[in-house]
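Shown next, in structure tokens, is the structure this report addresses.
The values are calculated or read from the model by the stated rules, or taken from the named source; none is laboratory data. The shown structure was predicted, so the numbers you read here are calculated from the model rather than taken from an experiment. Backbone-built Cβ (ideal geometry, glycine too); neighbour counts: all protein chains shown.
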Amino acid sequence: MEAKWRSLVNHIQDIHDHDTPAFSSCAHGPLDGDQCNKEWLDPGSLAAVKLENIIMRTALLKDVRQLSPQHQTFSLEAYHSLILHFAPKHTGFSYLGMYSRLLLAALHYNHNANRETARRSDGTEKYCVRYPRFKKGAHVVLPIKEAASYGYATSLMKALRESYTNSPSALREVSDNLSSDAPAPIAKSFEQVPKEEAVSLYLAR
Ligand SMILES: [Zn+2]
């Protein structure tokens, strides 16, 4: 686990073979086409050095050694599917809408992360068997958790009602501030070429 984590420093600099026998090459397979044209960090650049310092922090490495290979994958997959639940891809949300939905997903996740294992009436714990893709056909046994709860939503609604009762205008101001924080659309950052210039360049080619 630690060797895999350390290999991150190489990977971000477009180096995918590593000196450690425990993890001698990246798990992603050969890169081709667009996959090679990522904005890799230049070895020795300020960004690469800063990121390396973060990745290699002793306290962090100690934590990485404690990770279980199964548990994190499931938590992460569960979190990603939760985001899709709150912000489905087939709907385009405004910046504020997306921001709020991501916060809701995080609240829901944190509120329900430490659920107890569900039990039958005789007190025995419930389990299920799954065949996750990363196990390539092998199975894993997972405890079935108690049903999720939505207590955070009640707290949110209470807080919202309180702020509104205190000062509707203050609440509106917060909302306006959040909306005005929205970054410009990505397309705005592209440099626009005058149409005649673009056409004459095209014809010259
Ligand atoms: Zn790699």
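Quick notes on this structure:
- In the stretch 28-61, the residues that are within 15 Å of the ligand (Cβ to nearest atom), exposed (fewer than 10 other Cβ atoms within 10 Å of the Cβ) and not acidic (Asp, Glu): His28, Gly29, Pro30, Asn37
- Criterion violated by Pro21 - all others in (1) modelled with pLDDT of 90 or more; (2) surrounded by 11 or more Cβ atoms within 10 Å (Cβ to Cβ); (3) touching a helix residue (DSSP H, G or I) at 6+ places or on another chain (Cβ under 9 Å) satisfied: (2)
- Sole residue being farther than 19 Å from Leu76 by Cα, within 19 Å of the chain's Cα centre (by Cα) and surrounded by 11 or more Cβ atoms within 10 Å (Cβ to Cβ), chosen from Tyr150, Tyr109, Tyr95: Tyr95
- Taken as a whole, the stretch 76-96 holds no residue that is farther than 30 Å from Asp181 by Cβ and not acidic (Asp, Glu).
- Taking the criterion of being more than 11 Å from the ligand (Cβ to nearest atom) and not β-branched (Val, Ile, Thr), the residues of the stretch 13-27 that qualify are Asp19, Pro21, Ala22, Ser24.
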